[in-house]
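The values are calculated or read from the model by the stated rules, or taken from the named source; none is laboratory data. These numbers were taken from a predicted model, which means no experiment stands behind them. Cβ coordinates were reconstructed from backbone atoms using ideal geometry, including for glycine residues, and neighbour counts include every protein chain displayed. Side chains are part of the model used for accessible areas, which takes the heavy atoms of the whole protein and leaves out ligands, DNA and RNA. Shrake-Rupley method; radii C 1.70, N 1.55, O 1.52, S 1.80 Å.
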Amino acid sequence: IDIYSLHVDCKVTSRFAHTVITSRIVNRANESREATFEVELPKTAFITNFSMSIDGKIYPGIIKEKAAAQNEYNTAVSQGQSAGLVKIADRKLEQFHVSVSIAASSKVTFELTYEELLKRQLGKYELLIKVRPKQLVKHFQIDVHIFEPQGIHFLETDSTFMTNELSEALTKEVNETKAHISFKPALDQQKKNSELDETLLNGDFVVRYDVKREATAGDIQIVNGYFVHYFAPQEMPVFPKNVIFVIDRSGSMRGRKIEQTRDALLKILQDLRPEDHFNFITFNNKVAEWKSSLLPATEENVASAAAFVQTLAARGGTDIDGALLSAVGVLGKAEGLLEHTISMIILLTDGEPTSGERNVEVIQENVQKAINGKYALFCLGFGFDVSYKFLEKMALSNGGIARRIYENADAALQLQGFYQEVATPILMQIEMQYPENSIEGLTKNNFKLFFEGSEIIVSGKISDELDILPVEIKAQSHTSNLTLKEEANVKEKEQVFQNQRYIFGNFIERLWAYLSIQQLLEKAISAQEEDQKALEAQALDLSLQYSFVTPLTSMVVTKPQQKEELANKPTEAG
């Protein structure tokens, strides 16, 4: 079985990435063989299309409602043969895998398309392409085209497998608003050494970039009646923050996990700003406050905290409820400190609650009542024994987010990286306002916090009669209440994209659908049951209308001899 051509074609238009992977395979044996197509794609992406073409006959993947697809599938295939086509590969990627039997000297072409909105983190966007052909490929090529009307501020490529020889196959052209990156290694360049037919191409190919920002009220782009508004203010004073680290030291954290936690906390302590206040609460079946109140992050206090962190040892049960309520208590006592500051609780745990209150619904209720919208709760789940669903619901109900920390060599870096994302809050209570009667399907437009290096994105559909789209942003910075205003001329904005040759269709409309689905699904996690059903029904409609494989849809792939397989989107909560 010979993969004679593999092409990754990625077009990024205004942060929205559309990637097509095409693999052409020939069976050079004189009998039937299995041809396999295996792609790792970012978890944040939605698959939108897949097809196989065998000797000229096309077998498309068809996207259906998940339950309906599952029923059909179960009828078509005797139980137990269900081989899902997509599974989680690691913390950033999921793997799509399909194989099909092809006759001697037959050819098959696989084509997979997926889309995602690139998320700005720590001041840059990252486009990740996983490269793993597992054999030498005669025609191998990666093409990335980027068009950013705001202008490209910087652009870099990075790769885990690049050698001096391979880097000769990499070209980059960057001008004011466009970039083209091409990687086209010849067969000889792909080889590990001249004697063996082993490939060097195995790992990550990454493009990182950021855009120029001039307008204070962000940047508005419009295509075919849909708008997107990007807002990422810079160089603003940072809010002092009050952080309570709530650390699980139950028996299951013993060994590598507690070591990595200690390493990460020592680095995080160094990142605290002098105007921040902090405290630690550690818990197993008992809850222990390091100090009875918040301490300023002076050199002395940070050193004393570092000494304390070094002593963290793991044993005993897990009282999540008691620990979180303690943290809220410490913040509650510091009322005077809390003016013009931002308070957050960061929970790190690796298991289910086993002591104190064990019912997760009761814990969620207790915590929400205690926090009462005043503080943000971030939940980090270490490994796969945690109930991620429980942590995610608790974080989203309290103005924060959840993240799974994968148990591997870089766990300490994952913890530190998460802290860096939330370390510099520069705005709070952000309201993005648009003319109510002229916008339909507006995505989320109120945000509790904005962290430096990230970006707020709002999208919607503009009614036909609007010529000027006025925007007003209200927010609180550390030093003042802000009101920013901007007007966008609809016709002028539409012109920007008119003559671009590699714009894919109605990309802002697809961006709007992608963002809407993600936000509806996120909202459903912390909603009441009836609301949850309504939010999921809306997300399902959009998923079907725009052909996205989301947690609510499945792609049915029918192979020759009518054999069906399903591609479902895995989620972190399983």
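Considering only DSSP states other than H, G, I, E and B, which chymotrypsin sites (Phe, Trp or Tyr not before Pro) in segment 185-235 qualify as loop sites with at most 11 other Cβ atoms within 10 Å?
Nothing satisfies the criteria.
What base-10 log of the normalised intensity I(q)/I(0) is obtained for segment 262-340 from the Debye formula, alpha carbons as equal point scatterers, at q = 0.15, 0.25 Å⁻¹? With no solvent term, the Cα-only Debye profile gives -0.57, -1.28. Taking amide H as placed 1.01 Å from N in the peptide plane, the amide H of Ala89 sits under 5 Å from that of Glu94, Gln95, each at least 5 places away or on another chain.
Compare the peptides 541-554, 514-527 by average per-residue count of other Cβ atoms within 10 angstrom and give them in order, highest first.
Values: 541-554: 21.1, 514-527: 19.3.
Ranking the peptides 541-554, 514-527 by packing returns 541-554, 514-527.
For Ser101 and Glu335, FRET efficiency with R0 = 60 Å and r from the beta-carbon atoms, rounded to 0.05? Calculated transfer efficiency: 0.30. Checking the Cα-Cα distances for Lys178/Lys212; Lys64/Lys389; Lys43/Lys369; Lys241/Lys523; Lys87/Lys130; Lys124/Lys191 against a 21 Å cut-off, the pairs over it are Lys64/Lys389; Lys43/Lys369; Lys241/Lys523; Lys124/Lys191. Amide hydrogen proximity for Glu564: with H placed 1.01 Å from N in the peptide plane, the residues at 5 or more positions away or on another chain lying under 5 Å are Lys559. Across segment 443-455, computed HN-Hα scalar couplings (Karplus, 6.51 cos²θ - 1.76 cosθ + 1.60, θ = phi - 60°) run 6, 3, 10, 10, 10, 5, 9, 10, 9, 4, x, 9, 7 Hz from first to last residue, x flagging Gly and Pro. How far is helix 411-422 tilted, in degrees, relative to the longest principal axis of the Cα atoms in the chain, given as a value from 0 to 90 rounded to the nearest 10? Taking Cα atoms only, the helix is inclined about 70 degrees. Here the Karplus curve 6.51 cos²θ - 1.76 cosθ + 1.60, taken at θ = phi - 60°, turns the phi angles of segment 397-405 into couplings of 6, 10, x, x, 9, 10, 8, 8, 9 Hz, with x standing for Gly and Pro.
Here the alpha carbons of the chain define both size measures, Rg and Dmax, at 25.4, 81 Å. Applying the Karplus relation 6.51 cos²θ - 1.76 cosθ + 1.60 with θ = phi - 60° to segment 268-284 yields 3J(HN,Hα) values of 4, 4, 5, 7, 5, 8, x, 7, 7, 10, 8, 6, 10, 10, 10, 8, 10 Hz, where x marks Gly and Pro.
Expressed in nm to one decimal, what extension gain is obtained for the pair Leu442 and Thr354 from 0.36 nm per residue of sequence separation less their Cα-Cα distance?
Details: separation 88, 0.36 × 88 = 31.68 nm, distance 4.22 nm.
Here the segment from Leu442 to Thr354 would lengthen by 27.5 nm.
Tally Lys/Arg at +1 and Asp/Glu at -1 over every other residue whose Cβ is under 14 Å from the Cβ of Pro570; what's the total? Net charge in that neighbourhood comes out at +4.
Where the accessible area of the chain is counted over protein heavy atoms with a 1.4 Å probe, how much of it, in %, is carbon and sulfur? Write out the running numbers ahead of the final one.
Numbers: 11600 of 25410 Å².
Summing carbon and sulfur atoms, their accessible area is 46 percent of the total for the chain.
Loop-resident GluC sites (Glu not before Pro) (DSSP state other than H, G, I, E or B) in segment 384-486 with no more than 10 further Cβ atoms inside 10 Å of their Cβ: Glu465.
Under a 5 Å amide H cut-off, with hydrogens placed 1.01 Å from N, Ser526 pairs with nothing among residues at least 5 apart or on other chains. Out of segment 231-261, which trypsin sites (Lys or Arg not before Pro) are coil in DSSP terms and have no more than 12 other C-beta atoms within 10 Å? Filter output for segment 231-261: empty list. Computed from Cα atoms, the angle from the helix 507-525 axis to the main principal axis of the chain rounds to 50 degrees.
What percent does the relative contact order of the chain come to when contacts are Cα pairs within less than 8 Å and at least six residues apart? Walk me through the numbers before you get to the answer.
Numbers: 1262 pairs, mean separation 98.2, N = 574.
The normalised contact order for the chain reaches 17 percent.
When ligands, DNA and RNA are left out and all protein chains stay put, how many square angstrom of accessible area per residue does segment 504-551 have with a 1.4 Å probe? Walk me through the intermediate numbers first.
Numbers: 2230 Å² over 48 residues.
Value for segment 504-551: 46 Å² per residue.
The relative contact order of segment 432-574, computed from alpha carbon pairs under 8 Å that lie at least 6 residues apart in sequence, is 14 percent.
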